[in-house]
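This report refers to the structure that appears directly beneath it.
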Amino acid sequence: MTTVVGALLATMGVLVGGVVARRAQDRQWLRDQQLAAYRNLFEHYAKFTMELRRAHGDQRGWDYDWGEWSAALMRVSLVAPLEVATALDEFGRAINSFLDHVERGERNPLRNPMSSEEFERARQVPALAQVSLVNAIRRSLSSEKGDLPFGIGG
């Protein structure tokens, strides 16, 4: 009887250990996917923002692969928790409004370029949305990280 109970407990221990290990692997995989998606999104944001800033400064046209930007947004939405997805939506809306103002509207870099000060003022709304998104991401990845009171990059 003791042998049977011991074997049963050992088998249960192996099964529970397997489930716990599998959950840990799944969490690590998801975290890796989230970090890659977040990194990709912010790379695209920094690239097109800098390119647009240069276009206004040089009074020249510019081009960007908006399909890649849209794909970056979708990649984040696939792996992001609700709080991050909500902040992502707000960030995307702020970017769209920013582009309406500095590229699609009357302040086109070719026809009516902005000064660097005007561009920086126009960038404040998406910059605040970026800080909110970064903080939502930080909170989702670790409860030990505090919110940043300022933006970095972009």
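What follows is calculated from the coordinates using simple rules that are stated; it is not laboratory data. Bear in mind the structure is a predicted one, so any value in this text is a computation, not a measurement. Neighbour counts run over all protein chains shown; Cβ positions are idealised from the backbone, glycine included.
State the volume of the convex hull built on the alpha-carbon positions of the chain, expressed per residue in Å³ and rounded to an integer.
Dividing the Cα hull volume of the chain by its residues yields 108 Å³.
Run the numbers for Tyr64 and Val14: contour at 0.36 nm per residue of separation, minus the present Cα-Cα distance, in nm.
Numbers: separation 50, 0.36 × 50 = 18.00 nm, distance 5.28 nm.
This chain segment gains 12.7 nm when fully extended.
Among the GluC sites (Glu not before Pro) within region 65-131, which fall in a DSSP loop and have no more than 14 other Cβ atoms within 10 Å of their own Cβ?
Qualifying residues, ordered by number: Glu106.
Taking the 0 to 90 degree range and rounding to the nearest ten, how far is the long axis of helix 2-58 tilted relative to the main principal axis of the chain, both from C-alpha atoms?
10
Which residues does the label zone of Glu120 cover in region 40-74, counting backbone N under 20 Å from a point 7 Å along Cα→Cβ?
46-59
Using +1 on the beta carbon of Lys and Arg, -1 on that of Asp and Glu, and nothing else charged, what's the dipole of region 33-141 about the Cα centre, debye to 20?
Roughly 200 debye, rounded to the nearest 20.
What's the longest uninterrupted piece of the chain once you rule out the trypsin sites (Lys or Arg not before Pro) that are loop residues per DSSP with at most 14 other Cβ within 10 Å?
After excluding every exposed loop site, the longest remaining stretch is 1-59.
Using 0.36 nm per residue of separation minus the Cα-Cα distance, give me the extension gain between Asp26 and Glu83 in nm, one decimal.
18.5 nm
Would you mind getting me the FRET efficiency between Lys145 and Arg93? Use the beta-carbon distance for r and R0 = 30 Å, nearest 0.05.
Numbers: r = 25 Å, r/R0 = 0.84.
The computed FRET efficiency comes out at 0.75.
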